[in-house]
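No lab work stands behind these numbers, since they all come straight from the coordinates. All of these numbers come straight from a predicted model, not from anything done at the bench. Cβ coordinates were reconstructed from backbone atoms using ideal geometry, including for glycine residues, and neighbour counts include every protein chain displayed.
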Amino acid sequence: MAPNFSITSLVGSGKEKKLSSSVAQIFESKNTNRFATMPNLTDTEVARSMDLLLKVEGHSETMAMSDGEFITSKKRSVGGHDWAVHLRPKDHWAGRHRPVTLKLVLLSEARGGDVKAKLSCHLVDPAGRLEPSEKKSISHKFCKSGDFFGPLEVTARDDLVASGYLADDSYTVQCRITVDMTATTVALAEQHGCDDGAVSNMEIA
C-alpha cells in the first residue's frame, strides 16, 4: 500500500530521481510537540534552531537502493540560511556495516564567509513506548553554498532491525539544526572567510 503523504525526491550520483510508491519514502514534519524534551522552534540572541521529524517508510525497500543514493529533506531556513538534511539508508562509506547516516547541507551562500551549524539526531518512537535513543551530533563551519558535513551515524542497520524503533517497516529520526548566531555575527564583523579552513567536530550526548 502506498504511503498517504507526498513523495519527496531521491538523489543519488548527482542526479535527482522521483520516488515511486514501491521505494522507501521519507515524511518530514516540524511538529515535534509530542517529544517534550525538545521544543519545536528556538530563536534566541545566540542561536537559532529547528527540529524536524524524518519518517522513513519502506525500510525493507532500501535494500534495493544503491550505496550512493540518499533521501533528502525539504529546504529549511534556519538562522538566515537555507539547509537540507540528507538521509542515507545504507552508507557504505561510513563502514562495512552500512549504517543509517545523515548529512547537513548548506543550500544558500554563507554570509560573511562562513557559518557554523550543528546537526543532532536520535531515533524516536512516535507511539511513545520507547525513550529516544542516544543523541549524537556534529558541528561544522560551512564556507559556501553546497558545503556539507557528515556522515552522522544514526544507527547500524542490524541494530535498527533489532530495536523497537522499527515498526511496520518504518522508523523516525528526530533532527535539530542549530546555527551559531554568535559565530555568524563575528564573521560578518571581521569578514573572516574560509581561508583558515573549516572547523568540525562530532560528539555523542
*With a 10 Å radius around each residue's Cβ, average the other Cβ atoms per peptide and rank 115-124, 159-168, 55-64, highest first.*
115-124, 55-64, 159-168
*Residue separation times 0.36 nm, minus the C-alpha to C-alpha distance between Glu134 and Asp168: what's the value?*
10.0 nm
*asked:* Which order do the peptides 78-87, 140-149 come out in when sorted by mean C-beta neighbours inside 10 angstrom, highest first?
replied: 78-87, 140-149
*asked:* What distance in nm lies between label points placed 7 Å from Cα along the C-beta direction at Lys144 and Lys75?
replied: 1.9 nm
*Return the distance in nm (one decimal) between the two label points of a simple spin-label model at Asp158 and Arg111, each offset 7 Å from Cα along Cα→Cβ.*
4.7 nm
